[in-house]
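The next block holds one structure in the form of structure tokens; read it before the comments.
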Amino acid sequence: VVKAFLMKQKSISQIQSGDFSSSSSSGKEVRMSMSEAFVVGLIAKSFATIMTYPLIRTKVLLMVSSKSGDDDEDDDSSNDNAKSRNHYGDTMVEVLCRIYKEEGIAGLFKGCDLQLIHTVLKSALLMMVRERITVT
């Protein structure tokens, strides 16, 4: 979506300036530079990561709590410990509600900064390289 918007804006600016040098003979294809591809990848992945991060965190909490519960099924006292460690809940909705009640909005995004650094740079570099390869 971001790439399509950027390409439309670039086409409009080329039409207004009368510069058609980077367009194909049909006038339909406009290429992004490597820096534009990097910025588009950065913006798109940032938005996607921020929108989905609460679900990612919920999934991780559910996986960790279910794994600790599976390891301790032999002993009744250890089952009680597993239940106390799984204090967020058993479903995604329960976990999301519990995080929101206990930690607020900031709790839903705990650790998001590290996830953003990791995924955004990787995605932006990947998009930049892909754009470079398709140009050549």
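General remarks:
- If a spin label sat at a point 7 angstrom from the Cα of A48 along the line to its beta carbon, the backbone N atoms of the range 109-125 nearer than 15 Å would be those of 116-125.
- Pairwise FRET efficiency - S35 versus Q115, Cβ, R0 = 35 Å, nearest 0.05: 0.90
- Sequence-ordered 3J(HN,Hα) estimates for the range 96-105 from the Karplus curve with 6.51, -1.76 and 1.60 and θ = phi - 60° stand at 4, 5, 5, 4, 4, 5, 7, 10, x, 4 Hz, glycine and proline given as x.
- Sites K122 and V64, calculated FRET efficiency, Cβ-Cβ separation with R0 22 Å, nearest 0.05: 0.40
Rule-based calculations on the coordinates, nothing more; no lab input. As the structure is a computational prediction, the values presented were derived from the model and not from experiment. Note that each Cβ is placed from the backbone with ideal geometry, even for glycine, and that neighbours are counted across all protein chains shown.
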